[in-house]
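Below is one structure, written out as structure tokens; the observations come after it.
The values are calculated or read from the model by the stated rules, or taken from the named source; none is laboratory data. Computed from a predicted model, the values in this text were never measured in an experiment. Cβ: placed from backbone, ideal geometry, glycine included. Neighbour counts: every protein chain shown. Note: accessible area is taken over every heavy atom of the protein model, side chains too, but ligands, DNA and RNA are not part of it. Shrake-Rupley method; radii C 1.70, N 1.55, O 1.52, S 1.80 Å.
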Amino acid sequence: MSAATESTYTPATATGRITNFVDQRVGGSGILREFGRKVFPDHWSFMFGEVALYTFVILLLSGTFLTFFFDPSMAESTYNGSYVPLKGVDMSVAMNSTLNISFDVRGGLFMRQVHHWSALLFTASIAVHMLRVFFTGAFRKPRELNWVVGGVLLILSLADGFTGYSLPDDLLSGNGLRIIQGVISSIPVIGTYISFFLFGGEFPGTAIIGRLYVLHILLVPAMILLMIAIHLFMVVVHKHTQYPGPGRNDRNVVGYPLGPVYAAKAGGFFFIIFGVIALMAAFFTINPIWNYGPYDPSPISAGTQPDWYIGWVDGALRLMPGWLLGIPLEWNIPLPWGVNTLSLNVLLPALVPAGIVFTVLFAYPWIERWVTKDDREHHVLDRPRNAPTRTAIGMAGFTFYCVLWAAASSDLIATHFHVSLNDVIYWLRALFFIGPIIAFTVTKRIALALQRKDREIALHGRETGRIVRLPHGEYQEVHAQLDDYKRYKLVGYESPEPSDGVPNGNGVVTKQERRRAMISRLFFEDRVAPATPAELEAAHAHAPVHEQIEEPERLKEVSH
Amino acid sequence: MGDHSDGIPAGSDAVAKAGLHDVEKFQDPGLPPHRLRLADTDPWAAKRAERQVAILFGISVVGTLLFFFGYFFIRLDDTIGTLRIQNMLLGLGTAFAMLGIGTGIVHWARALMPDHEVSEERHELRSEADRVAAEKIVGDIIEETGIKRRPLIRNTLLGAVALAPFPAIVMFRDLGPLPADALRHTMWDKGTRLVRDPTGTPIRASDVTLGSAFHVIPDGLNNLHEGKLEEKAKAVVLLMRLDPSLLNPSKGREDWSYNGIVAYSKICTHVGCPVALYEQQTHHLLCPCHQSTFDLTQECKVIFGPAKRPLPQLPIAVDSEGYLVAQSDFHEPVGPSFWERG
Ligand code: HEM
Ligand code: FES
């Protein structure tokens, strides 16, 4: 930074004068120097994190608009707005004001739909972003902590989605709350108390909407903002990862400079996301609460779906039987002070699947580190096929999620495909256990097959579909050889071998170390080693017909 | 920092390390040569791209105007149709306004801004010397406090800090009342009439024909001013009439029905949704939330799904005017299980 003595630098432009003014008072030129041309690698799959960020901004904008008109009171009122079918109906002030936003505030319905669609896109983009990070191994050292921050963001986004969903106090959201209340009641010892404190008495009470409102617009968004700040700060500290390819390694970062290209593309992308959400809000109705009516404990509409990110927990509730082979899953336990009730049929599905998913999710970077004993920094990503076991684990988890999500629509599946509802549940119960195993096996095989195909192409080139006749009469297909850049993309990866148990200081291989070696075998036993130059040479000696690929095509591939 | 052309070749980190040390491997050929775009060489193409970007920004302006048109010139009447049109125009207007700007900028960046990929060195995150220094500083600080040498201070501090947050938890006590026995009682009582939900008109036994079903609330619920929804959430009942020979009442429940008319709590014993679907043919009640299925001919025993307990039955009788009334409250708590239920 410039010295504290008389400045000798005289700016020539207006920009320069402003910069000079600011820098001499609060500093900042250093930041610009650091960031103005910072290099960001580019790839389409890096887009999901951006979508999450932008949809959150849109949520803040549309949500703030809604707060100006929404009234989170559960006091009784009579609807008197312009939606005729509900005129004169008793409902809470919350529902009443949401109807008013929809029908009597111009653009209010539009804002509600923008808000709800962005909420769905926000949670979805976070989930897909996490999958991207997982499948490419971007969570490895030094980015483990940022993976954890991402996991917290996922949970916070689900929490904000659910609290928001409950605000309008319509029939659907009220039934959602009823289910939550039932689940809370099943918590041993303190469940009833939590329920009474949360709802301010018996369900539904008159307190819950106001309380959820504070969580939804203040506490949770503030925590999301804080986490996003930490998340992005770490991204800058670590610099972005990059996909493998010629010229890219763990010591450099290849991409576009922040200004102008990267910033322009990213900034433009915000407007595109906003535009797409506006289109959805224009044409696709979401959460038409006027069709559901106000909450009432008696009626219910069958075949309704919770938002996608909550559905899997509801699906778990559906899959769990109340009786298993004649054995009840709820017990009355006689204790010295009286009889208490333990409802495992509610407690287990509410806690266990989500517990498994989030435990594995948070622990995975350390699990893999422990298995591979890999303490190096990784800035070059793995192509998913080049880490077959990790990819298989990810797909197993994804399948687990999808089975639960499908279970939340068991009734729709049954009516749509004209099968018995009970059979759908039986099948899904079986899939709950074997689905992830099948997904694991199949994915691993596919990944290994793709690796073998890569090897084949690296060594023998691509099939061109052109057949030529050789001098001695044989017909052969012409294989186009890859150029060095393209080939490097296919061979530039590592394929670790299983590591045996390493003896400790006393020369014994501990039980834990033996277990690690076993898992290491599971991870790396089946492997496809990258092709080597020697193999390439050997391959060339055997295949007489190939040609160098033409210049332009090769360049297209590397400059995307 | 460097240009693409000096992309360092043979950076072998991206290539095999673990386990493959002994195998010969391909060398990194470095960054591929840069390819010029049409607009980089042809001024006419550049001019055309410039015009395209301007047109996209122009589309954005049209979009904003469309929004204003929708906002000011669509008159909302009492039909939902005009609202739909307005919503569509506002949405389309916003979409064009945003997409115009967004695609314009992205096109500008792609076609006209420099598209040289550059390579930058990564620096080691933190140096070892820093870590050593940090460890020493922390050590010194702890040493200077003397906390290790003075366990009395340490232990009392730990105790104080452990206890101090509890008031913050206790303060939440007034969020709601204690449960007491609120969950064990409903509005039903001896002689309370069964009335239709939501109109509140009483039901004569003779109104309930074979195979019919009624959604029922206790008489007086509609007149409640406070706690109406809370009472309703416990008291709603389904009333059905079956052939009396199909009912198999257990001991003590023989007189809970009247001429094949039975009344069961409508609140699912799973997690509390209303069990709203009655399959007349099979005499099953189905909860739409998680598909718990209850068999009316077995006193609403669970025959499928995640619920465990049967729906509680409301004992009913007929009063002197022929209207259906409750004999008493439910004999057990309705709705989802809870720890103290027993
Ligand atoms: C950050 C993530 C957020 C998510 C996932 C989210 C989600 C939701 C959802 C799903 C609804 C129900 C909407 C409907 O039924 O149409 C909702 C309602 C609402 N949200 Fe959010 N929201 C978020 C942030 C915010 C923020 C930051 C604010 C305000 C500062 C806000 C204010 C509101 C209001 C006032 C309502 C209720 C009114 C209505 O539905 O018309 N939200 N939110
Ligand atoms: S609430 Fe009835 S089945 Fe879950």
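In region B:326-333 there is no residue matching the filter, namely being within 14 Å of chain A (Cβ to nearest Cβ) and within 11 Å of ligand 2 (Cβ to nearest atom).
Would you mind stating whether residue B:179 is modelled with pLDDT of 95 or more and open to solvent by less than 60 Å² (accessible area, probe 1.4 Å)? When the stated conditions are applied, residue B:179 does not pass them. Residue A:57: more than 30 Å from residue A:241 (Cβ to Cβ) and β-branched (Val, Ile, Thr), yes or no? Against the criterion (more than 30 Å from residue A:241 (Cβ to Cβ) and β-branched (Val, Ile, Thr)), residue A:57 does not qualify. Go through B:284, B:290, B:270 for me and flag whichever is more than 8 Å from chain A (Cβ to nearest Cβ), more than 18 Å from residue B:188 (Cβ to Cβ) and either within 16 Å of ligand 1 (Cβ to nearest atom) or not polar (S, T, N, Q) (or both). B:284 is the lone residue from the list that is more than 8 Å from chain A (Cβ to nearest Cβ), more than 18 Å from residue B:188 (Cβ to Cβ) and either within 16 Å of ligand 1 (Cβ to nearest atom) or not polar (S, T, N, Q) (or both). Mind listing just one residue for me: the one in region A:407-435 that is open to solvent by less than 40 Å² (accessible area, probe 1.4 Å) and out of contact with any Gly (no Cβ under 7 Å at 6 or more places or on another chain) and, of those, nearest to residue A:131 (Cα to Cα)? Among residues in region A:407-435 that are open to solvent by less than 40 Å² (accessible area, probe 1.4 Å) and out of contact with any Gly (no Cβ under 7 Å at 6 or more places or on another chain), the one nearest to residue A:131 (Cα to Cα) is A:435. Kindly establish whether residue A:253 is within 9 Å of another protein chain (Cβ to nearest Cβ), in contact with a Lys or Arg (Cβ under 7 Å, 6 or more places away or on another chain) and over 27 Å from residue A:170 (Cβ atoms). The answer is yes for residue A:253.
The set of residues in region B:142-166 being open to solvent by 80 Å² or more (accessible area, probe 1.4 Å) and within 30 Å of residue A:191 (Cβ to Cβ) consists of B:161, B:163, B:166. In region B:274-291, the qualifying residues are those that are in contact with a Pro (Cβ under 7 Å, 6 or more places away or on another chain) and open to solvent by less than 40 Å² (accessible area, probe 1.4 Å), and the one that is nearest to residue A:330 (Cα to Cα) is B:290. Taking region A:76-89 as the range and being open to solvent by 20 Å² or more (accessible area, probe 1.4 Å), touching a helix residue (DSSP H, G or I) at 6+ places or on another chain (Cβ under 9 Å) and not in a helix (DSSP H, G or I) as the test, the residues that pass are A:76, A:77, A:78, A:80, A:82, A:83. Quick check on my filter: what residues within region A:120-133 are closer than 16 Å to residue A:270 by Cα and open to solvent by 20 Å² or more (accessible area, probe 1.4 Å)? Once the filter is applied, which keeps residues that are closer than 16 Å to residue A:270 by Cα and open to solvent by 20 Å² or more (accessible area, probe 1.4 Å), region A:120-133 yields only A:121.
Selection over region A:453-467 of residues that are surrounded by 12 or more Cβ atoms within 10 Å (Cβ to Cβ) and either of a type outside the set (A, V, I, L, M) or not in a helix (DSSP H, G or I) (or both) gives a count of 10.
Can you pull out the residues in region A:226-250 that are open to solvent by 40 Å² or more (accessible area, probe 1.4 Å) and at the interface with another protein chain (Cβ under 9 Å from one of its Cβ atoms)? Result: A:237, single match. Looking across region A:96-106 at every residue that is within 13 Å of chain B (Cβ to nearest Cβ) and open to solvent by less than 10 Å² (accessible area, probe 1.4 Å), the one that is nearest to ligand 2 (Cβ to nearest atom) is identified as A:99. Sub-6 Å Cβ pairs linking a first residue in region A:317-339 that is within 16 Å of ligand 2 (Cβ to nearest atom) to a second residue that is part of a strand (DSSP E or B) and at pLDDT 90 or above, at least 6 apart or interchain, are A:322/B:302; A:330/A:343, ordered by first then second residue.
Summed over region A:158-198, the residues that are assigned to a loop (DSSP other than H, G, I, E, B) and touching a helix residue (DSSP H, G or I) at 6+ places or on another chain (Cβ under 8 Å) give a count of 6. Across region A:44-79, the qualifying residues are those that are more than 30 Å from residue A:233 (Cα to Cα) and within 13 Å of chain B (Cβ to nearest Cβ), and the one among them that is farthest from the chain's Cα centre (by Cα) is A:76. Annotation note: of B:267, B:261, the sole residue that is of a type in the set (A, V, I, L, M) and either open to solvent by 10 Å² or more (accessible area, probe 1.4 Å) or more than 16 Å from ligand 2 (Cβ to nearest atom) (or both) is B:261.
Of note, residue A:64 satisfies the criterion of being within 16 Å of ligand 1 (Cβ to nearest atom) and of a type outside the set (A, V, I, L, M, F, W, C). If only residues of region A:199-214 that are more than 18 Å from residue A:161 (Cβ to Cβ) and assigned to a helix (DSSP H, G or I) are counted, the one that is nearest to the other protein chains (Cβ to nearest Cβ) is A:199. Filtering region A:230-257 to residues that are under 14 Å from residue A:46 (Cβ atoms) and β-branched (Val, Ile, Thr) leaves A:235, A:241, A:253, A:254. Any idea which residue in region A:305-328 is farthest from ligand 1 (Cβ to nearest atom), counting only those that are open to solvent by 20 Å² or more (accessible area, probe 1.4 Å) and more than 24 Å from the chain's Cα centre (by Cα)? Ranking the qualifying residues of region A:305-328, first place goes to A:326.
For region B:199-217, the candidate set comprises residues that are polar (S, T, N, Q) and open to solvent by 70 Å² or more (accessible area, probe 1.4 Å); within that set, the residue that is farthest from residue B:324 (Cα to Cα) is B:199. The sole residue among A:262, A:256, A:243, A:295 that is among the hydroxyl-bearing types (Ser, Thr, Tyr) and within 16 Å of ligand 1 (Cβ to nearest atom) is A:295. Scanning region B:292-312 for residues that are surrounded by 22 or more Cβ atoms within 10 Å (Cβ to Cβ) and either under 24 Å from the mean Cα position of the chain (by Cα) or assigned to a strand (DSSP E or B) (or both) yields B:292, B:294, B:302, B:305, B:306, B:307.
Taking the stated definitions as given, is residue A:173 within 16 Å of ligand 2 (Cβ to nearest atom), at pLDDT below 95 and open to solvent by less than 10 Å² (accessible area, probe 1.4 Å)? Answer is yes for this residue.
Here's the yes/no breakdown for (1) within 16 Å of ligand 2 (Cβ to nearest atom); (2) closer than 26 Å to residue B:86 by Cα; (3) touching a residue at least 40 places away in the same chain (Cβ under 8 Å):
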{"position": "A:53", "(1), (2), (3)": "no, no, yes"}
{"position": "A:57", "(1), (2), (3)": "no, yes, yes"}
{"position": "A:60", "(1), (2), (3)": "no, yes, yes"}
{"position": "A:70", "(1), (2), (3)": "no, yes, yes"}
{"position": "A:81", "(1), (2), (3)": "no, yes, no"}
{"position": "A:109", "(1), (2), (3)": "no, yes, no"}
{"position": "A:112", "(1), (2), (3)": "no, yes, yes"}
{"position": "A:128", "(1), (2), (3)": "no, no, yes"}
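Annotation for region B:232-250: no member residue is assigned to a helix (DSSP H, G or I), modelled with pLDDT of 95 or more and either open to solvent by 30 Å² or more (accessible area, probe 1.4 Å) or within 16 Å of ligand 1 (Cβ to nearest atom) (or both).
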